[in-house]
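A short write-up of the structure that comes next.
Computed from the coordinates by the stated procedures, all read-outs in this text should not be read as laboratory data. Values in this document were obtained by computation on a predicted structure and should not be read as measured data. Heads up, the Cβs are rebuilt from the backbone with ideal geometry, glycines too, and the neighbour counts pull from every protein chain shown.
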Amino acid sequence: MREIVVSKKAAKSLREFFPWVYKSDILTSLEGFGLGDIVRAVDESGAFLAVGYINPNSTITLRVLSYKDEKVDDRHIHSKILRALAKRKRSGLDTNACRLIHSEADFLPGLIVDRYEDYLSVMFLTVGILRFKETIIDSLLNLIEPKGIYIQGEKSALKKEGIEPFEEMVGQIPSKVVIEEHGIKFYVDILNAQKTGFYLDQRKNRKIVSDYIKQKDKVLDCFSNTGGFGLYAKVRKNADVRLVDISKEAMEMAKENFALNEVTGEFVVANVFDYLRELRRSKEKFDCIILDPPSFAKSKSKRSSALKGFKDITVNAMKILEREGHIALFSCSHHIGMEDLKSVVKEAAKDNNKAVEIQELLYQDIDHPYILNNEYSLYLKGLLFKFADL
Ligand SMILES: C[S@@+](CC[C@H](N)C(=O)[O-])C[C@H]1O[C@@H](n2cnc3c(N)ncnc32)[C@H](O)[C@@H]1O
């Protein structure tokens, strides 16, 4: 196995089990190294640090596959898959839809595997992990025996890696699969939906938020996608639910999801930024407002505009919130953390001359593991809050 020497800074972070080395920290010339080559990372004295795959075209040039000085081959990958599956089995999640492999957080960098009932959605994000594609698919077929697997090379990630995206299928994937979480049913369109099909990471938060909703409350589910939060509120509390999303396709599926659970709702295709302003003008009020926007800050440089966006929706949501109502605000971007969300809420409350009581600090569900040594693995944060009684 070839070696690359990394800087003191990178050596320290690898010793602390961080999963990446950036290009600027690689001291060896990368000339002659191929896309996805497996290498040993060593410090300047030659001491072993990690085994990983490299991509000389990417700023994140090395991704760690093992912190042990071992051969990383098909058997290694198979054993990591076994471990990830065993972890999900132990988790006791009340669902037939689950993230089975979560990239670096399962020590399989660049690989996402979601299970939807008897089908799998597999996403490859790097050239390095694509090297093991056959092994990964064989292992999944043998260990899970799914009826079908949808395989995609994620567009923007692979473009950054310097290769073309792709799509493949093993077996058959129906146009809609029915999944169930906490007794609530959802259709998932694995082939055409956003991400791998469904926002599984919000599962436990959908339940927690609905615990705070009272019978017949008025609920506004903003950035609803196919209706996750709103449907929990309707099924569990018979709330009066309105969903808002900019995607027509997501809203069509939301309607079907409500029908599948034999309940009704209101479905609005709109830009949430504008729609909240309209509601503010109309003086309509809600008991619970969910704000679960897409990642406004895909990179550090987008942080300040993302924070402005968060503040805008939070200020306007506060204006249409009943005195005893709740807001659930989420960020799924690593660049906007829990402390940022707290600042946004505090500032928005100041603009409304209110103090805020935090009721829940919310994070991604357990099938999206958070490895403390890898800050990037904690990506979903949320606050559930109300106005404080002053
Ligand atoms: C993180 S997802 C929401 C997931 C959803 N809460 C769930 O539990 O399934 C973000 C959603 O925001 C929608 N979206 C993006 N920009 C929007 C905008 N300006 N106005 C309304 N919806 C938007 C996307 O279509 C997507 O469905």
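Cβ crowding within 10 Å, taken as a proxy for footprinting-reagent exposure, orders T28, T126, T95, T264 from fewest neighbours to most as T264, T28, T95, T126. The charge dipole of the chain, taken about its Cα centre with unit charges on the Cβ atoms of Lys, Arg (+1), Asp and Glu (-1) only, comes to about 960 debye. Its relative contact order, with pairs defined as Cα atoms under 8 Å and 6+ residues apart, puts the chain at 11 percent. Taking GluC sites (Glu not before Pro) that fall in a DSSP loop and have at most 13 other Cβ atoms within 10 Å as cut points, what is the longest piece of the chain between them? In short, 71-261. Going down the table (K160/K195; K234/K346; K248/K285; K23/K133), which pairs top 21 Å between alpha carbons? With Cα atoms farther than 21 Å apart: K234/K346; K248/K285; K23/K133. Mean residue ellipticity at 222 nm, helices only, the chain: -9500 deg cm²/dmol; runs of at least 4 DSSP H residues each add -39,500 (n - 2.57), and the sum is divided by the number of residues. The residues H182, H335, H368, H102, when put in order of fewest to most other Cβ atoms within 10 Å, stand as H182, H335, H368, H102.
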